[in-house]
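For reference, the structure is listed below as structure tokens.
Rule-based calculations on the coordinates, nothing more; no lab input. Note that the structure is predicted; figures quoted are calculated from it, not measured. Cβ placement follows ideal geometry from the backbone for every residue including glycine, while neighbour counts extend to all protein chains displayed.
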Amino acid sequence: MYAQMIRTASTGVKPREEMTPEERRFQDRIDAGEKIEPKDWMPDDYRATLIRQIGQHAHSEVVGQLPEGNWITRAPTLERKAILLAKVQDEAGHGLYLYSAAETLGVSRDELIELLHEGRMKYSSIFNYPTLNWADIGAVGWLVDGAAIVNQVALQRTSYGPYSRAMIRICKEESFHARQGYSIMMAMAFGTPEQKRMAQDAVDRLWYPALMMFGPPDKDSVHTAQSMAWKIKVATNDELRQKFVNQTIPQMEYLGLKCPDPDLKWNEEKQGYDFTEPDWDEFFDVIKGNGPCNVDRMNDRVKAWEKGAWVRDALLAHARKKAAPAAAE
Amino acid sequence: MTREEALFQFLLRLGDNTLVLGQRVSEWCGHAPVLEEDIALANTALDLIGQTQLWLNLAGEVEGKGRDADKLAFLRDVWDFRNLLLVELPNGDFGRTMMRQFLFDAWQSVLLGRLMNSAEPRVAEIAEKAGKEVAYHVERSSGTVVGLGDGTEESHARMQAALDYLWPYVGEMFAPDEVDEEMARAGIAPDPAGLREEYDALVGRVLDEATLRVPEGRFFHRGGKNGARHTEHLGHMLTQMQWLQRAYPGASW
Amino acid sequence: MKDEWPLWEVFIRGQHGMSHRHVGSLHAPDAETAIRNARDVYTRRNEGVSIWVVQAAHIAASSPGEKGPLFEPSNSKVYRHPTFFDIPEDAGAM
């Protein structure tokens, strides 16, 4: 997740009468549901907001490999190991698709990676929480990917063509992620008492962080309006959060697990659950770098990048050597 | 040793090689030099895990004591593992990982080519499927070894160091023992020594292009494929890999 | 960034005799590696039987500003479409 905490460069939506003719034409195309393509004219703020949002989304996929990768070497069966590896590999692929989409806006992947490593770009807060027992792997697939899918399904309709196409591909691939997570949860929740304890422990720790994935409440999210007008975002944080809770609680009940929210209850009138908001102070702490794993996650990524430098340089040097004689002919 | 016992041991060797190497390669997940390599390494690891399931399930079937691939993978101790020492060595840097992958892929591709004609149809069938995967592995790892060997001064030095470190573990691939002799007599598998020529030709061609020099000397470490003396590293790997199964016996996952 | 691996566009032909279709991009130091990377990234779910790669910098594209002159004139050539013509049923399949 991804569209969390995105700030547009300007504040608020520009009234139509203040728009330049170009801006007006651009807004008309968006309103008519047309996709914006890389070479089309676009306002600078639209471009900047997209680079941030897509870049942040890409970083989240890449950093998101780490908490799940934490369990690949300890997966309890060969089949679970293979499934988890394939799943984490998909996250790398999704990062790759998203960086490619960002690159159509005139920023390179290496530039984006450097911005991340310098702390000038963010990734989703959820990946700063640890995976402590095997059921966490189930809960991450079920809750975290479940939440991501709610958001990403909406983003398939986003106005920027390359982003929308990346989302369509990602959603198609991602549909197995939540299911594999739930399949682990079923094995755990219906397993031995120790397994059931792991399952409940995972839900207790990951429920609120999963709710945070949709970003702060709409009333505190001042930049949503412009992103909505540009159809970079297509639903508000609170709408998506509600949708996620509504679809997840019956799944939790099926597993016989308890939601850690004591005040959660069905509201017949709104046809949805009333639930307790996550602790937003904790959320902002994590965003600022004080989550349980922020430092480790970033160190891991920076170390991998720096240790890989000689490999990237060498393969490029070899390619140039090979190309040189051909070019000289 | 009966033919069935020898076949069981032989299948453990095939399955443990892919199991241990698959586990090692999967350690890279999320830490490769570039996203494309991360994805490629995961594909290799996935192929190896899949081959492990085939070989070890067949091993369990031949043994006839009700052990499947998971029981064999997660509930044996070090002395019962039959993999080459080469594959249990720690990953080292990316260069060493790719050099080991290449040295193994080259051997596996030659071996599987022969096993496709095995007198044991179940072996031939697995070799047929795995052979396609391994043909790609060797293409990929040899490309990377060439690129890194013939890249920069630093990469060349790292790749030569990797080769020097790993080469003394190559010889074990070709050293026959009574299991191999029994397999050869039965027409199930080739005499390992007979693979050397084809292997040396393939490896020599790639290392040449990579501007790397094969170390002199024919000394090699042994003790993996018969389980007589593994390295210290395998125990640590199993501690991690088998932990859940050991800590919570009898659970289904 | 001069030392970044070049960007490649990837085209995959699926199982059913269709044309190669653009599926996305990736980075690679050279064409051979780009094909291998494309295999590993874009055919994980058995999507293809053939891969093309081309360095992104080598693609020439039409300009969005010319969309009108380029594409609108064909709107009026309705007679290019078979449904323009009414053929009596008695004439048989055509």
When the convex hull of the C-alpha atoms of the stretch B:83-163 is computed, what volume per residue in Å³ does it have?
83 Å³
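Normalised radius of gyration for the protein assembly as shown, please: alpha carbon Rg relative to 2.2 N^0.38 Å, two decimal places.
So the protein assembly as shown has a normalised radius of gyration of 1.06.
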Could you put B:Val145, B:Val62 in order, starting from the residue whose Cβ has the fewest other Cβ atoms within 10 Å?
B:Val62, B:Val145
Of all the C-alpha pairs in the stretch B:3-247, what % are more than 27 Å from each other?
31 percent
For the stretch C:44-94, just say rounded, prolate or oblate: build the C-alpha gyration tensor, square-root its eigenvalues into a ≥ b ≥ c, call rounded for a/c under 1.5, and beyond that prolate if a/b exceeds b/c, oblate if not.
oblate
Based on alpha-carbon centroids, what's the gap between the stretch B:174-253 and the stretch A:223-241 in Å, whole number please?
56 Å
Pairwise label distance in nanometres, A:Lys39 with A:Lys303, each label 7 Å out on the Cα-Cβ vector:
4.6 nm
Only sites in a loop by DSSP and with at most 14 other Cβ atoms within 10 Å count here; which chymotrypsin sites (Phe, Trp or Tyr not before Pro) in the stretch A:98-195 make the cut?
A:Phe190
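Using the alpha carbon gyration tensor of the stretch A:85-164, what are the three equivalent-ellipsoid semi-axes (square root of 5 times each eigenvalue), largest first, in whole Å?
Computed over the stretch A:85-164, the values are 25, 17, 12 Å.
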For chain C, which span is the longest to avoid every loop-located (per DSSP) member of GluC sites (Glu not before Pro) having at most 16 other Cβ atoms inside 10 Å?
C:48-94
Would you list A:Thr73, C:Thr33, B:Thr239, B:Thr2 from fewest to most Cβ contacts within 10 Å?
B:Thr2, B:Thr239, A:Thr73, C:Thr33
Sequence gap at least 6, Cα distance under 8 Å: using those rules, report the relative contact order of chain B to the nearest whole percent.
25 percent
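Let me spell out the model: positive unit charges on the Cβ of Lys and Arg, negative unit charges on the Cβ of Asp and Glu, origin at the Cα centre of the stretch B:3-247. What dipole size does that give, in debye rounded to 20?
440 debye
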Within the stretch C:46-94, report the trypsin sites (Lys or Arg not before Pro) that DSSP leaves as loop and that have at most 14 other Cβ atoms within 10 Å.
C:Lys77
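So if each residue of separation counts as 0.36 nm, and I subtract the Cα-Cα distance between B:Tyr248 and B:Ala186, what length gain in nm does that give? Don't skip to the answer; put the middle values down first.
Values: separation 62, 0.36 × 62 = 22.32 nm, distance 4.10 nm.
Length gained, B:Tyr248 through B:Ala186: 18.2 nm.
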Neighbourhood charge, 15 Å Cβ-Cβ cut-off, centred on A:Tyr273 and excluding it, Lys, Arg +1 and Asp, Glu -1:
-4
Between the modelled labels at B:Arg229 and B:Asp68 (7 Å from Cα along Cα→Cβ) the distance in nm is 3.8 nm
Shielding score for A:94-101, defined as the mean number of other chain Cβ atoms within 10 Å
5
What does the charge add up to near C:Val54, with Lys and Arg as +1, Asp and Glu as -1, over the other residues with Cβ less than 15 Å from its Cβ?
-1
Per-residue ellipticity at 222 nm attributable to helices in the protein assembly as shown (runs of n ≥ 4 DSSP H, -39500 (n - 2.57) apiece, nearest 500 deg cm²/dmol) works out to -18500 deg cm²/dmol
Taking the Cβ of each residue in A:Val153, A:Val311 as the centre, tally the other Cβ atoms inside 10 Å and list the residues starting with the fewest.
A:Val153, A:Val311
Between A:Glu194 and B:Arg218, with labels modelled 7 Å along Cα→Cβ, what's the label distance in nm to one decimal, could you check?
5.1 nm
Jot down the radius of gyration and Dmax of the stretch B:166-213, Cα atoms only, both in angstrom.
13.3, 41
The stretch B:150-229: translational diffusion in µm²/s, Stokes-Einstein, Kirkwood Rh over Cα pairs, 37 °C, 0.692 mPa s
228 µm²/s
Given chain A, report the % of alpha carbon pairs whose separation exceeds 34 Å.
28 percent
Pairwise FRET efficiency - B:Asp177 versus C:Ser50, Cβ, R0 = 35 Å, nearest 0.05:
0.20
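For A:Ser175 and A:Trp266, calculate 0.36 nm times their separation in residues minus their Cα-Cα distance, and state this gained length in nm to one decimal.
Taking 0.36 nm per residue and subtracting the Cα distance, the gain is 30.1 nm.
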Report, in listed order, any pair from A:Lys265/A:Lys288; A:Lys39/A:Lys243; A:Lys172/A:Lys233; B:Lys71/B:Lys132; A:Lys39/C:Lys77 with a Cα-Cα distance greater than 30 Å.
A:Lys265/A:Lys288; A:Lys39/A:Lys243
Loop-located trypsin sites (Lys or Arg not before Pro) in the stretch A:99-164 whose Cβ has at most 13 other Cβ within 10 Å (DSSP)
A:Arg120
Return the lysines within reach of A:Lys321: Cα separation strictly under 21 angstrom, same-chain partners fewer than 8 residues apart disregarded; answer none if there are no such residues.
C:Lys2
